[in-house]
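Once you've had a glance at the structure underneath, I'll fire off some questions.
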Amino acid sequence: MSSTSPARQENGCHAHARGRLRGNPVKVPLLAAWLSICLSVPARAVDVVFSTGTLIAETSTASTRTKPTTSFSLPTQSAEVKDALEEFQRLVKHQAWEKAFKALDTITSKTASGYIDRSDGVLVPSRMLVRNLLGALPTAGKNAYRVFYDSQATALWEKAVGKTEVPNLSQIVNDHLISSVGDRAADRLGDIYFEQGDLDQAITAWRSIITYCPESKLPKAQIFIKLATGLARSGRWAEFRDIERTVRERYAGEGVELGGRRITAAEEIARLAATGQSAEVATAPALPADLDLPSEDDPLWQFRYQSKVDPLNPQQAFALVDIYGRPRANNFPIPAAADDKRVCVNLFGYEMAFDIVTGKLLWRTGKLHQLQNLQQMRQNQISPERYSIALVGDRVWSVLRDPEQLNQNPATFALTVRNAATGKEIFSSRKSLSTWSILGPPYPVGNVVYLGANRSNQNRELAVLVLNASDGKLLRTVTIGTHQVDQSQVYHERTALPSFLAYRDRLYVDTHAGALVSMQSQSGTFDWGVLYDSPPPQTGYYYNDYQPPPQSVSAPVLAAGLLFCKGMRSSRLLGVQPDGPSLAWDRPVSQTAMIVGVDQDHLYMGGEELAAYSLQTQELVWSTRLPQSAGWSVPLMTRNRLFQFTSRGICEVDKATGALVRVFRGIDLDSFGGSLLITPQALVTVSNLAITAYPSNSLSPKQTN
């Protein structure tokens, strides 16, 4: 991308404002005005005009979202910062600029201590708040700011060469964006990041000019084309379409310089849009090929958790009871994972590995009859949902507790990593992280692994542990927030376990208790938090046999430039524009629903029924109710089909229409259903009664054990 060197560019943000004052303005606190900017789509230019203490945003609309009711608290700023905000608003109203900026200095000095609540359930760090407050100042306020701070910004600008170029430009953009050199610093910083291949940072830099420097003298068409180029190259086509629309409507005939040649903005945006037609198909989520269900019910092999079925309780492989000794249904997750060689399972801390083709037991960490001998295990103390297992490369990652301590509460869970071929332990957090209890499955990414956890004596706390994936050493601890309810006191419902999504240099964390958080994966610095409706779990003991609703857990997913999440107790499906953040989706769904996956056109949800929603219109395209299934049953998505293991067998559903194509019964006829695992050698079902492998490709049925 072309850009002019810092020394030769003209001053930008101090130019005459394009807005106009309107008479008899409604008096609105400046913080409320800032909310209007934050809630607008960040990809669009916002023409903002002020009278004192009043904002009129001509291209944005304020959110009408009410603050959600949540059972999770994110760390917020101290009363000192909140007082400074109120003082800043009061001083701006009276145009007492010097004192107002001193109040902002108080906020700036507290940038690492928590979030500021925007009063709509969206929380942002103090540094973002300060930038928005400065960007929302009236012209008189911006001019006053430059009187006090231009000398600092200009000194950084003049020394922005060599090794100090990026640090100085970053400091200008972060602390002095509305100074006379702020727009030029952001433009140059965007060019540097673009040349380095860091497209996300480049996009953020260029977008800050559009959002916070509407008076900039920099050519608008040039900035928009740079932004569009970054979005196109990073595959963020939904955001690109907004920029494309703006360029065609406002700047089509203006010239831009690209690689030493001058063309119109309309020509370049058309060229970028044309590349997107094929690129969108190429960058669609990679989905497995459609599955041909077996033609016969005969399996390759089957492993049953009970060698002898109790005729009085054929669906109860494990003797679980409630606090009053009454039998509880075995409708809880059975953690299992498979690769092209083996199937691994984690049964209440006893790990086993089976050959994928023959069903031969390869290794185990205990004998199953030892578990069956532990009669009348209390489900509320065992917390079955907290066990997990994953196969990553040549390692098995399991979250479990000592089987000999199943009836002890509160439970302390640990991460154990084993060699997948032999079962030999490589490392365990029992030794290195003895004061921590693991919450939820591990999330390995490259050479690190992310874990949800709380300290053993702080069961309301939620933290993210970052471990070295090779040896399990703790690299970093990031405290996310606090549960309203002590998770060790949740006896009848699922405990809230976080789920993760890593994308580029960001880690997204859904607490499943009412908060979605974005953080920088390398440093652990928070970007923002979004609260959503999530009622607290029921606590205490219920003699009248309280039956909690089914609760399914799904991780956040990215599609069409939005981050989608659905908390396990929430009845809202959120779609968040991560750069704002701003809410694009906030629609009602069933509380039992879970996100299954996305493709180019639709978002799919499971639960009591399968459903497809249009990514373009948010409309429900179809819904299909299948036979009853286990509450933890997760549908499997392929290129053109959805498969779900139900109590009647494996149901095959057409993704385009929702029509039921076929039901494969199999031999696990008494089960509740469960999960599906696909490998090149076998189709594996995991239920509350058994693990069953059916032939795939040319394999022929063998035996049932």
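The values are calculated or read from the model by the stated rules, or taken from the named source; none is laboratory data. All values reported here derive from a predicted model rather than from experimental measurement. All Cβ positions, even for glycine, are placed from backbone atoms using ideal geometry, and neighbour counts span all protein chains on display. Surface accessibility is based on the protein's heavy atoms, side chains included, excluding ligands, DNA and RNA. Shrake-Rupley method; radii C 1.70, N 1.55, O 1.52, S 1.80 Å.
Listed highest first by mean packing, meaning other Cβ atoms within 10 Å per residue, what order do 520-529, 287-296 come in?
Highest to lowest by the protection proxy: 520-529, 287-296.
Check which residues have an amide H placed less than 5 Å from THR76's amide H, if you skip close sequence neighbours.
Amide H neighbours of THR76: TYR115.
Any chance you could get the radius of gyration and Dmax over the Cα atoms of the range 484-628, in Å?
16.0, 49
Which lysines does LYS360 reach when only Cα atoms under 17 Å apart count, and residues fewer than 8 places away in its own chain are ignored?
LYS341, LYS702
Another question about this same structure. What number comes out for accessible area per residue over the range 219-286 if the probe is 1.4 Å? Units Å², please.
Per residue, the range 219-286 has an accessible area of 46 Å².
Let me ask something else. Quick check for you: with a 1.4 Å probe and neighbouring chains kept, what is the accessible area per residue of the range 586-683, in Å²?
Computed with neighbouring chains in place, this is 40 Å² per residue.
Still on this structure, please answer the following. Mind listing the phi-derived Karplus ³J(HN,Hα) values for the range 173-178, rounded to whole Hz, using 6.51, -1.76 and 1.60 with θ = phi - 60°, and x for any glycine or proline?
So the Karplus estimates, Gly and Pro as x, are 5, 6, 10, 9, 5, 8 Hz.
Now for a separate question. Quick one: how many Å² of ASP670 are accessible to a 1.4 Å probe, rounded to 10?
Roll a 1.4 Å probe over it and ASP670 shows about 80 Å².
Relative contact order for the range 392-536: what percent, with Cα pairs under 8 Å and sequence separation of 6 or more?
In percent, rounded to a whole number, it is 13.
In the full protein assembly as shown, how much of TRP363 is accessible to a 1.4 Å probe, in Å² to the nearest 10?
20
Hey, another quick one. Treat the range 219-286 as a sphere of radius equal to its Kirkwood radius over Cα pairs and apply Stokes-Einstein at 37 °C in a medium of 0.692 mPa s; give the translational diffusion coefficient in µm²/s, rounded to a whole number.
The estimated diffusion coefficient comes to 273 µm²/s.
Over the range 135-255, what is the mean sequence separation of C-alpha contacts under 8 Å (at least six apart), divided by residue count, expressed as relative contact order in percent?
Once normalised by length, the contact order is 18 percent.
Separation between the THR76 and LYS99 pseudo-spin-labels, each 7 Å from Cα along Cα→Cβ, expressed in nm?
Between THR76 and LYS99, the label points sit 2.6 nm apart.
With each label point set 7 Å from Cα along the Cα-Cβ vector, what nm distance links ARG90 and ARG455?
Reported label-point gap for ARG90 and ARG455 is 3.8 nm.
Something else: Using a 1.4 angstrom probe on heavy atoms only, work out the carbon and sulfur share of the accessible area of the range 219-286 in %.
51
Please give every one of the lysines within straight-line cross-link reach of LYS367, meaning a C-alpha to C-alpha distance under 17 Å, and leave out same-chain neighbours fewer than 8 residues apart.
Within the straight-line cut-off, LYS367 pairs with LYS308, LYS424.
With θ set to phi - 60°, apply the Karplus curve 6.51 cos²θ - 1.76 cosθ + 1.60 along the range 500-505 and write out the HN-Hα couplings as whole Hz, x wherever there is a Gly or Pro.
These are the phi-based 3J(HN,Hα) values: 10, 9, 9, 9, 6, 9 Hz.
Counting pairwise Cα distances across the range 156-218, what percent come out greater than 13 angstrom?
55
In nm, to one decimal, how far is the modelled label at LEU258 from the one at ALA270, with both set 7 Å along Cα→Cβ?
Once both label points are built, they end up 1.2 nm from each other.
Please get the size of the charge dipole for the range 100-161, origin at its Cα centre, with Cβ charges of +1 on Lys and Arg and -1 on Asp and Glu, quoted in debye to the nearest 20.
60
Note down the relative contact order for the range 219-286 as a percent, whole number, built from C-alpha pairs under 8 angstrom at least six residues apart.
Relative contact order for the range 219-286 comes out at 35 percent.
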